[in-house]
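Quick notes on the structure that follows.
All of the numbers you see were taken from the coordinates with simple rules; none came from a lab. Since we're looking at a predicted model, the values are computed, not measured.
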Amino acid sequence: MWTVFKELAHYCNSLPRFDFLFLKITGKRYGQLILETRSYSVMNILYTLFIKDGKKIIKEDLFFYLSPIALAYWIMSDGVSTKYGLTICTDNYFVTEVVRLINILIIRYDLNCSIHYCKGLPRIYIKASSLNKLRTIISPHIIPFSIYKLQKGKTK
């Protein structure tokens, strides 16, 4: 959180804060860190890449915005190390949008990806054969705390 905050501090009114979120699905309370930015019209470009009619979406234009640093931050926040590869939690998206994300990863970064399902929801699975390539792309941007997400599936 502090790494992200350092990058975005000039867009923020306050420090990040901790709060609790109650999920009706699980019936549990979860802690969450909240980082709020000011409203700038320039940010509407990014907003429209991800939100339409109040719902999360993925547009094709994301191809141009998913830089190595953006990919690193995405993996640090939503990536999960698996036995042989890496899963990116995309539970809030439709299969068509997850396929669009996979296509971006394949075309832009030449990563070997597939869809895996967790409780019926689609997730991106980056196969072990692509982990060395992924490490090369995002390692300069990964904070030490999140390095473990890239350790599984190491090949010689």
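With n ≥ 4 as the cut-off for DSSP H runs, can you work out [θ] at 222 nm for the chain, using -39500 (n - 2.57) per run divided by the number of residues, rounded to the nearest 500? Each step should come with its number before you reach the end.
On the way: 6 runs with 52 residues, N = 156.
Rounded to the nearest 500, the figure is -9500 deg cm²/dmol.
What is the ratio of the Cα radius of gyration of the chain to 2.2 N^0.38 Å, with N the residue count, to two decimals? Intermediate values should be presented prior to the final figure.
On the way: Rg = 16.4 Å, N = 156, 2.2 N^0.38 = 15.0 Å.
Taking the Cα Rg and dividing by 2.2 N^0.38 Å, one obtains 1.09.
With θ set to phi - 60° and the Karplus curve 6.51 cos²θ - 1.76 cosθ + 1.60, what are the ³J(HN,Hα) couplings of the stretch 16-28 in order, to the nearest whole Hz, using x for Gly and Pro?
Working through the residues one at a time gives x, 9, 9, 8, 10, 10, 9, 9, 5, 4, 9, x, 10 Hz.
What does the C-alpha gyration tensor say about the overall shape of the stretch 25-83? Classify as rounded when a/c is under 1.5, otherwise prolate if a/b is larger than b/c, or oblate. Don't jump to the answer; show the numbers that get you there.
On the way: a/c = 1.70, a/b = 1.24, b/c = 1.37.
Oblate, because a/c is 1.5 or more while a/b does not exceed b/c.
Cross-link list LYS56/LYS83; LYS119/LYS149; LYS56/LYS119; LYS56/LYS127; LYS55/LYS127; LYS6/LYS133: which exceed 24 angstrom alpha carbon to alpha carbon? Before the final figure, lay out each step's value.
Details: LYS56/LYS83 29 Å; LYS119/LYS149 22 Å; LYS56/LYS119 19 Å; LYS56/LYS127 26 Å; LYS55/LYS127 29 Å; LYS6/LYS133 27 Å.
Result: LYS56/LYS83; LYS56/LYS127; LYS55/LYS127; LYS6/LYS133 exceed 24 Å.
Need the C-alpha centroid separation for the stretch 94-110 versus the stretch 21-52, integer Å.
About 22 Å separates the Cα centre of the stretch 94-110 from the one of the stretch 21-52.
Can you check what the Kirkwood hydrodynamic radius comes to for the stretch 71-147, Cα pairs only, in Å to one decimal? Don't skip to the end; give the middle numbers.
On the way: mean 1/r = 0.0797 Å⁻¹.
In the stretch 71-147 this quantity evaluates to 12.5 Å.
Hey, if you drop one equal point scatterer on each alpha-carbon of the stretch 1-40 and run the Debye formula without solvent, what base-10 log of I(q)/I(0) do you get at q = 0.16, 0.22, 0.24 Å⁻¹?
For the stretch 1-40 at q = 0.16, 0.22, 0.24 Å⁻¹, log10 I(q)/I(0) is -0.49, -0.71, -0.76.
Taking 8 Å as the Cα distance limit and 6 or more residues as the minimum spacing, I'd like the relative contact order of the stretch 1-81 as a percentage.
On the way: 55 pairs, mean separation 15.1, N = 81.
With pairs under 8 Å counted, the relative contact order is 19 percent.
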